[in-house]
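Colleague: Take a look at the following structure, please.
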Amino acid sequence: MNGMIEFARPDGGRAPGYYTAPENGEHLPGVVLLEEWWGVTDHIKHTADALAAAGFRVLVPDLYRGRTAAVGDEANHLMQGLDFGDAATQDTRGAAQYLKATGSAKVGVIGFCMGGALTMLAAMYVPDVDAAVDYYGFPPPEAGDPGTIKIPFQGHWATHDEFFPIERVDQIESRFKDAGVPHEFHRYDARHAFHNPSEVGQSGLGNYDKVLADLSWERALAFLKRNLA
C-alpha cells in the first residue's frame, strides 16, 4: 500500500507526502522519513518502502512540493528556498500527528543529509516524535541546543563528510553526554551520502558504500524497532 496523500499541518494548512505501509498494518509504529536535498526521489521512496517492509507505517513529507533535483546546483537552490523551521514544526510534526491519529502509538523520525538536519530539529522541537535517526546532517548552532533533546537519538556520520564536518559531530556528542541525551553515534570511514546509491547527475554524489550502507541500515532498523515497539 503506497502512494501520495495529503495530511494536515498544525497551522491548519495541508501538505503532500508519500505514504507506504504493509497491508493490514494500521497499528504498526510510524516513521516520518525526511528527504535529502534532492527531494522525494525514487531512492527516497525506495527507502520508505524498505522501512515499510521492515514493519513500519511511513510518511515522507514532500518538502519541495513535487520538485526534485538531479544535480547539486539544483538541489542547493531548492534547499535554500526551504524554511527549515516550518519544515520541522509544521510538515514534520503534521506527518507525525497523522501517523498517530491513524493508528501508530509511537512515531519515529529518520532523515538523510538535509533531512538529517531536520531530524535533529524535530527531535528538539516536535513533541510528537518518540525516537530519531539522523544520517549525516545537523543544523547550525544558532538553530538551538541539541542538549534539550529528550528522546532516544541515533546518528550515522561520515568521517570524511565535506558538508557536515565530523568535528562538529564530536561537539554535538559532547553536548549530548553533558546533558544526558540518550544516544548512540556511529562513525563510518566514508564520504557524505554513503547510503545513497544514485550516481552523479542522477540525484546522487557517487559516494555509495554498500557495506557501510547495509551496516548502518541494520543499526537504524534495530534502533527504531527497539524504541518504537
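Colleague: Is at least one residue of the range 71-92 assigned to a helix (DSSP H, G or I), within 17 Å of Tyr18 (Cα to Cα), among the hydrophobic types (A, V, I, L, M, F, W, C) and in contact with an Asp or Glu (Cβ under 6 Å, 6 or more places away or on another chain)?
Modeller: Among the residues of the range 71-92, not one is assigned to a helix (DSSP H, G or I), within 17 Å of Tyr18 (Cα to Cα), among the hydrophobic types (A, V, I, L, M, F, W, C) and in contact with an Asp or Glu (Cβ under 6 Å, 6 or more places away or on another chain), which makes the answer no.
Colleague: Could you check the range 200-212 and list, in sequence order, the residues that are within 21 Å of Ala70 (Cβ to Cβ) and either hydrophobic (A, V, I, L, M, F, W, C) or within 19 Å of the chain's Cα centre (by Cα) (or both)?
Modeller: Val200, Ser203, Gly204, Leu205, Asn207, Tyr208
Colleague: Let me spell it out: the conditions are (1) over 20 Å from Lys106 (Cβ atoms); (2) in contact with a Gly (Cβ under 7 Å, 6 or more places away or on another chain), and His160 meets all of them except one. Which number is the exception?
Modeller: (2)
Colleague: Still on this structure: Would you check which residues across the range 83-95 are of a type in the set (A, V, I, L, M, F, W, C) and under 14 Å from Ile5 (Cα atoms) and list them?
Modeller: Ala95
Colleague: Considering only residues of the range 121-138 that are buried (at least 24 other Cβ atoms within 10 Å of the Cβ) and of a type in the set (Gly, Ala, Ser), which is nearest to Leu51 (Cα to Cα)?
Modeller: Top of the filtered list is Ala132.
Colleague: Further question: So which residues in the range 6-43 are touching a strand residue (DSSP E or B) at 6+ places or on another chain (Cβ under 6 Å) and without any contact (Cβ under 8 Å) to a residue 24 or more places away in the chain, if there are any at all?
Modeller: Glu6, Arg14
Colleague: Name the single residue that is surrounded by the most Cβ atoms within 10 Å (Cβ to Cβ) among those in the range 48-62 being part of a helix (DSSP H, G or I) and in contact with a helix residue (DSSP H, G or I) (Cβ under 9 Å, 6 or more places away or on another chain).
Modeller: Residue satisfying both the conditions and the ranking: Leu51.
Colleague: Restricting the search to the range 26-47, which residues are within 15 Å of Thr92 (Cα to Cα), hydrophobic (A, V, I, L, M, F, W, C) and outside any loop (DSSP other than H, G, I, E, B)?
Modeller: Val31, Val32, Leu33, Leu34, listed by residue number.
Colleague: Pull up the range 151-175, narrow it to residues that are acidic (Asp, Glu) and assigned to a loop (DSSP other than H, G, I, E, B), then point me to the one that is surrounded by the most Cβ atoms within 10 Å (Cβ to Cβ).
Modeller: Out of the qualifying residues, it is Asp161.
Colleague: Can you report the number of residues in the range 184-207 which are at negative phi, part of a loop (DSSP other than H, G, I, E, B) and surrounded by fewer than 18 Cβ atoms within 10 Å (Cβ to Cβ)?
Modeller: Total meeting the criteria: 4.
Colleague: Tell me which residues, restricted to the range 12-25, are surrounded by 11 or more Cβ atoms within 10 Å (Cβ to Cβ) and assigned to a loop (DSSP other than H, G, I, E, B).
Modeller: Correct list: Gly13, Ala21, Pro22, Gly25.
Colleague: Looking at (1) without any contact (Cβ under 8 Å) to a residue 40 or more places away in the chain; (2) outside any loop (DSSP other than H, G, I, E, B); (3) surrounded by 20 or more Cβ atoms within 10 Å (Cβ to Cβ), can you tell me which one Ile110 breaks?
Modeller: Looking at each condition in turn, Ile110 falls short on (1).
Colleague: Take the residues of the range 63-85 that are surrounded by 16 or more Cβ atoms within 10 Å (Cβ to Cβ) and over 24 Å from Pro140 (Cβ atoms): which is nearest to the chain's Cα centre (by Cα)?
Modeller: Thr68
Each value in this text was obtained by applying a stated rule to the coordinates, not by laboratory testing. Keep in mind that what you see is a predicted model, and the values were worked out from it rather than measured. No Cβ is skipped: glycine too gets one built from the backbone with ideal geometry, and neighbour counts run over all protein chains shown.
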